[in-house]
Each structure stands twice: as C-alpha cells, then as structure tokens.
Amino acid sequence: MKKDLMTIENLKKYFPIKTGLFGKIVGYVKAVDDVSFSIKDGEVVSLVGESGSGKTTIAKCLLLLEKPTHGKIIFNGYNVVDADNKRLRNYRRNVQAVFQNPFLSLDPRMNVYDIISEPVKTHIKISRAELYNYVSKILEMVGLDESFLYKFPHELSGGQAQRVAIARAISINPKLVIFDEPTSALDVSIQAQILNLLIELKDKMNLSYLLITHDLSIVRYISDVIIVVYLGKIMESGLSEDVFNEPLHPYTQTLLSSIPDPFTRKLRERIILRGEPPSPINPPSGCRFHTRCPFVMDICREMAPPEITHKQDHKVFCWLYVKK
C-alpha cells in the first residue's frame, strides 16, 4: 500500500479586498475555502474545474508562492506552513513546479545549461567537471541532446522549452512535481509527446505529480486520482476510473458531458449549465453549486453538504446522496 507523501488539511486562502487611502479591508476573495486531500508516493493527482475554481491558487499555496490563510500542508511529518529554514530548504528541493507557459518561466538571459544547472548547484554537492555530464544526462532524459545546452529560450520551440522546464524541475530529484496546465500552450501533436514523457519520467524516477488542468482528456490519460473543484471547494474526488465511469456530482457530470465516452468514443448527452459562476467574494450559502444545479433542493441553499463516501476512495459533497 502506498504511503502519503503530502497531506493537505483544511486549506484556505482568502485575499483581502482593500479600499481607500489607508487600505481598509472591506471583504475577502475566498479563492480556496477548506480543501483537504492527500497525494501518495508515485501517484498522479489531478485538480480539475472551470477557470476561477481555485486550482492554481491551491498549487501556489503548496509551492509557498502564496501563504495559506489557514490549514496545514504536511510533508515528511511536519507542517510546511510554519517550518524552519532547514525544513523549508528540504521541502523546496522535493517539491518542484512546471508552469503553463515555459517562455515566461525560463530566464531569457540564461542558456539551457545555466537554467538546469542553477538548482543543481544550490541543492547538490557536485564538482564543476561532474556538473556538465550531469546536466547533459538530465537533458537527454527529456529527449534533448547536448546541442541544446548553450541555446537560449528564444531559440527553442514551445515543446523544446517545456522539455527544458521539465528538465529543470527533475534535475534535483524531487519527490513531487506540480504541473499547472503543462500542455495547454502547446500544439496538439506536441501535447501527446510531453504527456508520454511525463509518464516515462514518473515511472523511471518514482515521481508523484499534482496536475492542474481543465482538459479532461489529459486527466483520463495520465491520472490515478481526480479531484473536482468548484468555487474554492471540492465537489467530488476518487480514482480516475471511478469518476469517469460513474460521475456522482452534477458538476462533475457537466464537465464530463463535454468529452467523448472513453470506451465508445461517442459524445455524451451534453449538459449546459445555466448562468455564470458566482463571485468568490460573496459565495452562495449552502452548496456552492446550487445556483447552477439542475437538481437543486431547498436544503442545498441552506446547508453545505457533508462528505459522502460512495465507495472506497470515491467521495462526493452532495445532498442527493445523503440517505433520508
């Protein structure tokens, strides 16, 4: 049985809304509101949902690019949120990221060799002579040869730049890599190559992935676990096969209705949601999804639904599944 690599408990991230000369706080944007889940060794967990659902904010909190308002991020038995510098250094080595647009995450003034070697020199004791061979080997692992070592980002194609970003992330042998829409900026043909590369690296290096995406075809291809997020809250979570074959929450059913059935390749009956997602500044009471749900009941407007375990590891937050 796989053990938990990272556990997120009751994570919240509220952004203050300030006004006036003295920056008086008049409200909060509740981007992430009480989210809990775990990532196991060697597991691919995907966070899916519409734009503005809080997926990227969760990733930024896990990377400590944003300080959580509340909650715990447990890694190696300690809470990262209030860890000391020694533990934070260890955490940053073990949790790396690859972002949507590689050209924005790669320093245009640095060549590929410098980009990949920089984190290696920071976290690994290695001689100058060994460093060249080490970087060359990492580059080879992502499908690029030594001829790319002294090229600059502007000389690379989108797929090549993303491979360099992946090489930088794996160069210090992390345990978890967080991918925020890693293929959305690439051509369709290149997307498949990058996904195959990620699967190959995961198996070779025993990596865990947290994948942030809205592309459900990618999720089906690579994920072990799916977590469906809407307006800062988890709606449903479970093994990829369970969620795709038996989506429980109306929101999950809506998302899956936009892609073909994975077995028959026929389009599902399309579900069109009414209205726009509510503002995270003033989210609806009760179930966050009730303003757009076709099955809404009075209790949905009044009380937040409890967590219901449908079967092992398949959970849903919906009043439709509460036994009466």
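Here is how the numbers come out for the structure above:
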item	result
Test: residue in the stretch 179-197 that is assigned to a helix (DSSP H, G or I), among the aromatic types (Phe, Trp, Tyr) and on the phi < 0 side of the Ramachandran plot	no
Which listed residue is outside any loop (DSSP other than H, G, I, E, B), modelled with pLDDT under 90 and not basic (Lys, Arg), from 217, 258, 237, 279	217
Failed criterion for residue 182 (all others in (1) modelled with pLDDT of 95 or more; (2) under 18 Å from residue 48 (Cα atoms); (3) out of contact with any Gly (no Cβ under 8 Å at 6 or more places or on another chain) hold)	(1)
Residue 180 of a type in the set (Asp, Glu) and either under 14 Å from the mean Cα position of the chain (by Cα) or under 19 Å from residue 97 (Cα atoms) (or both)	yes
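For every residue, the table says whether it meets (1) buried (at least 17 other Cβ atoms within 10 Å of the Cβ); (2) outside any loop (DSSP other than H, G, I, E, B); (3) small (Gly, Ala, Ser); (4) modelled with pLDDT under 95.
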position	(1), (2), (3), (4)
71	yes, yes, yes, no
86	no, yes, no, yes
89	no, yes, no, yes
103	no, yes, no, yes
110	no, no, no, no
121	no, yes, no, yes
125	no, no, no, yes
129	no, yes, yes, yes
135	yes, yes, no, no
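The values are calculated or read from the model by the stated rules, or taken from the named source; none is laboratory data. Everything numeric here is computed off the predicted structure, so don't read it as measured data. Every residue, glycine among them, receives a Cβ derived from its backbone with ideal geometry; neighbour counts consider all protein chains shown.
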